[in-house]
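Chemist: For reference, the structure I am asking about is given below.
The values are calculated or read from the model by the stated rules, or taken from the named source; none is laboratory data. Here the structure is a predicted model, which is why all the values come from computation and not from measurement. Glycine also receives a Cβ, built like all others from the backbone with ideal geometry; neighbour counts cover every protein chain displayed.
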Amino acid sequence: MIPGDLLEKYNLPEDQIADAIETAISRTLSTMFHMDVLVQLDRNLEVIAINRAHADTEPIQIDPTGISKQGRRQIRRQIELELEKRQALHECNHLHTLRGQIIKGEVRKVASNGEVTVALEVDDHFRQLTLTGVCPARYLPPKERGCFNLGEIRTFLVTSVLPVQKRGRFKVQIRLSRTSKALPEMLLRQATGLQGIRCLKRIAGAFCEIETVKFLPKDAIKAVGDELKERIIVRVLESKKSA
């Protein structure tokens with residue numbers, strides 16, 4: 001009744017796994033028996049059906065081993081879906097700090113509509129997680145649309161991390177962008193270690209105007225310009241004051 005291979009597949013706290021199993025079995029059997037089915041997973045699996053239409057009827061104890069093969073298949077399917085959903089929510093809670101950060105990714109797919117699918121590597125305590133991000137065509141500079149090569153490494157801004165259901169399956173969807181004004185700001189901060197860098201204006205793929213309180217190394221400006229394939233115009237506030 002409890003598929004051990006599924007329990008090993010999902011990295012969830014024990015209480016969430018138990019709750020997911022109870023929810024899935026209860027939902028499946030309630031539909032099958034047209035009754036309210038209560039499920040408790042402890043050392044053993046306890047299943048009780050209650051007929052709400054007849055309040056004077058005693059609860060019925062159901063032997064899980066007597067459920068048909070078809071019923072077992074339905075239960076397994078519902079358990080997997082419930083675990084998938086819990087896993088997606090769990091990962092979203094863990095990965096929400098990625099939102100607003102820049103991250104490098106390897107281009108894995110370019111769709112006919114220009115959407116780019118990217119493999120992302122994220123540090124998760126003592127291991128590396130490989131996640132999938134999606135950058136819609138409208139969040140790519142016009143001259144980059146349809147021009148990515150498979151295996152190419154590019155830097156993106158993470159705009160959202162959300163649990164989604166697609167074709168009946170649950171997963172984490174990471175949305176990316178290469179057109180945001182925040183991208184050159186954060187790339188320059190990362191390259192220089194300096195704060196006080198602000199993008200005043202950007203036409204993605206053409207140029208961006210950067211305001212900074214200190215001079216920036218030319219090699220950092222060039223590296224960011226090469227990554228974004230655009231001209232980086234830097235104005236230093238200190239020089240304006242001294243003038």
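Chemist: Give the residue, chosen from Ile103, Ile153, that is surrounded by 15 or more Cβ atoms within 10 Å (Cβ to Cβ), β-branched (Val, Ile, Thr) and touching a Gly at 6+ places or on another chain (Cβ under 9 Å). Break it down stepwise before answering.
Modeler: Values: Ile153 fails: surrounded by 15 or more Cβ atoms within 10 Å (Cβ to Cβ).
Selected residue: Ile103, the only one of Ile103, Ile153 that is surrounded by 15 or more Cβ atoms within 10 Å (Cβ to Cβ), β-branched (Val, Ile, Thr) and touching a Gly at 6+ places or on another chain (Cβ under 9 Å).
Chemist: Could you please find all residues in the range 144-164 being touching an Asp or Glu at 6+ places or on another chain (Cβ under 9 Å) and touching a residue at least 60 places away in the same chain (Cβ under 8 Å)?
Modeler: Selection gives Arg154, Thr155, Val161, Pro163.
Chemist: Now, a different point. Please verify whether Lys214 is charged (D, E, K, R) and touching a helix residue (DSSP H, G or I) at 6+ places or on another chain (Cβ under 6 Å), treating the condition exactly as stated.
Modeler: no
Chemist: Another question about this same structure. Tell me which residues, restricted to the range 102-148, are under 19 Å from the mean Cα position of the chain (by Cα), basic (Lys, Arg) and modelled with pLDDT of 90 or more.
Modeler: Lys104, Arg108, Lys109
Chemist: Of everything in the range 209-229, what is over 29 Å from the mean Cα position of the chain (by Cα) and either among the small types (Gly, Ala, Ser) or surrounded by 16 or more Cβ atoms within 10 Å (Cβ to Cβ) (or both)? Give them in sequence order.
Modeler: Glu209, Ile210, Glu211, Thr212, Leu216, Ala220, Ile221
Chemist: Which number in (1) crowded, with 17+ Cβ neighbours inside 10 Å; (2) over 23 Å from Tyr10 (Cα atoms); (3) of a type in the set (S, T, N, Q) marks the one condition that Ser30 misses?
Modeler: (1)
Chemist: Quick one: would you say Arg108 is outside the structural domain of Asp226 (by TED's automatic domain parsing), on the phi < 0 side of the Ramachandran plot and of a type in the set (Lys, Arg)?
Modeler: On the way: outside the structural domain of Asp226 (by TED's automatic domain parsing): yes; on the phi < 0 side of the Ramachandran plot: yes; of a type in the set (Lys, Arg): yes.
Answer is yes for this residue.
Chemist: Is it fair to say Ala119 is assigned by TED's automatic domain parsing to the domain that holds Ile25, in contact with a strand residue (DSSP E or B) (Cβ under 6 Å, 6 or more places away or on another chain) and either within 30 Å of Met32 (Cβ to Cβ) or not hydroxyl-bearing (Ser, Thr, Tyr) (or both)?
Modeler: no
Chemist: May I ask you to list pairs of residues, at least six apart or on different chains, whose Cβ atoms are under 8 Å apart, with the first in the range 185-208 being farther than 14 Å from Ala223 by Cβ and the second being small (Gly, Ala, Ser)?
Modeler: Close Cβ pairs (under 8 Å, with a partner that is small (Gly, Ala, Ser)) amount to Cys199/Ala182.
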